[in-house]
Amino acid sequence: MTVWGTMSFMVQTGWTAQRWTAVFVEQAEMFRKAVAEADPTAEVPTRPGWTVQDLVVHLARFLETSTEYLRTGSRTQLEPPPPPAGLSPLEYLDLQLTAAAEILAAVPGNRPVWTFSPAAPDLAWVWHRRIAHETVLRRFDAQTVVRQVAGTDPGLCVDGVDEVLTTIVAAKTEGDVPNIAPGTAVVRTTDVPESWLISLTPDEAPEIRAAAPGEEGDAQVTGEAELVYFWLWNRMNLKEMTGDRRVLDVLQVGRGH
């Protein structure tokens, strides 16, 4: 079931800052285990050009940067902190994993803070959600290196699909990937009964609503929640997609991420 929020986005019911924090803790533990087992110089199959060490530093840097909004309550965009000095990549990661777990647990989801998408409210839960899903994604990346990829809960994947469509697409198209493809897409998950219709207009934030039964768009994406989720992030192949390739390209936000 889906409920409407403001600014043309939807939020999946049942998700709270506490639940996203629990996801982060679980996924962070799996990420840490995978990178400890991997050769730091090994290439990451899902991120061409990256090594395991690059992946470790990326997640640590992301956590340090994103949790700063929760720690300070800043209502404006912050400059990234300077790179760490005197720490190994794993020491840096461990420091940020511990700090993130503490900050996420301490900050309520309704705290006003700056957020990164024009389609999201300036509330802390947006960061709780983003941190949880970024850690899921990087856990997947790390596990591909050691060839031990765990399945991802379908309900979590549905929430991740919702985040992409309602928040990330708008952030991408406002930033470094402007949308020049007007059109609509219907995204459906088959194992969890959820559906979205996203309407794209150049130079405007996408509009989102639940798709009606049988409704079609200029493009269609259909599949199990895990496949759709990781296809959006350019981590898995998905056969059940048809229609306007330009619209599909806008939805697949994981290129280069």
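The values are calculated or read from the model by the stated rules, or taken from the named source; none is laboratory data. In this text, all values refer to a predicted model and were calculated from it rather than measured experimentally. Glycine gets a Cβ as well: all are built from the backbone with ideal geometry, and neighbour counts include every protein chain shown. Note: accessible area is taken over every heavy atom of the protein model, side chains too, but ligands, DNA and RNA are not part of it. Shrake-Rupley method; radii C 1.70, N 1.55, O 1.52, S 1.80 Å.
Tabulated data
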read-out: Members of the stretch 79-92 that are surrounded by 12 or more Cβ atoms within 10 Å (Cβ to Cβ) and either among the aliphatic types (A, V, I, L, M) or in contact (Cβ under 8 Å) with a residue 60 or more places away in the chain (or both); value: Leu87, Leu90
read-out: Subset tally (residues that are among the hydrophobic types (A, V, I, L, M, F, W, C) and either assigned to a loop (DSSP other than H, G, I, E, B) or touching a His at 6+ places or on another chain (Cβ under 8 Å) (or both)) for the stretch 242-257; value: 1
read-out: Odd one out for Ala210 among (1) closer than 27 Å to Pro45 by Cβ; (2) in contact (Cβ under 8 Å) with a residue 60 or more places away in the chain; (3) out of contact with any Lys or Arg (no Cβ under 6 Å at 6 or more places or on another chain); value: (1)
read-out: Residues within the stretch 110-133 that are open to solvent by less than 30 Å² (accessible area, probe 1.4 Å), over 25 Å from Thr189 (Cα atoms) and touching a residue at least 60 places away in the same chain (Cβ under 8 Å), tallied; value: 2
read-out: Single residue of Val107, Val164, Val136, Val169 found to be on the phi < 0 side of the Ramachandran plot, touching a Phe, Trp or Tyr at 6+ places or on another chain (Cβ under 8 Å) and open to solvent by less than 20 Å² (accessible area, probe 1.4 Å); value: Val164
read-out: In the stretch 213-253, the residues that are among the small types (Gly, Ala, Ser), in contact (Cβ under 8 Å) with a residue 40 or more places away in the chain and more than 30 Å from Gln143 (Cα to Cα); value: Gly243
read-out: Pairs, first in a helix (DSSP H, G or I) and modelled with pLDDT under 95 in the stretch 9-38, second open to solvent by 10 Å² or more (accessible area, probe 1.4 Å) and not charged (D, E, K, R), C-beta under 6 Å, six or more apart; value: none
read-out: Considering residues of the stretch 172-191 that are in a loop (DSSP other than H, G, I, E, B) and open to solvent by less than 50 Å² (accessible area, probe 1.4 Å) only, the residue modelled with the highest pLDDT; value: Ala181
read-out: Subset of the stretch 39-49 (residues that are surrounded by fewer than 18 Cβ atoms within 10 Å (Cβ to Cβ) and assigned to a loop (DSSP other than H, G, I, E, B)); value: Asp39, Pro40, Thr41, Ala42, Pro45, Pro48, Gly49
read-out: The one condition in (1) on the phi < 0 side of the Ramachandran plot; (2) of a type outside the set (A, V, I, L, M); (3) out of contact with any strand residue (DSSP E or B) (no Cβ under 6 Å at 6 or more places or on another chain) that Arg147 fails to fulfil; value: (1)
read-out: Filter result for Glu26 (open to solvent by 60 Å² or more (accessible area, probe 1.4 Å) and more than 19 Å from the chain's Cα centre (by Cα)); value: no
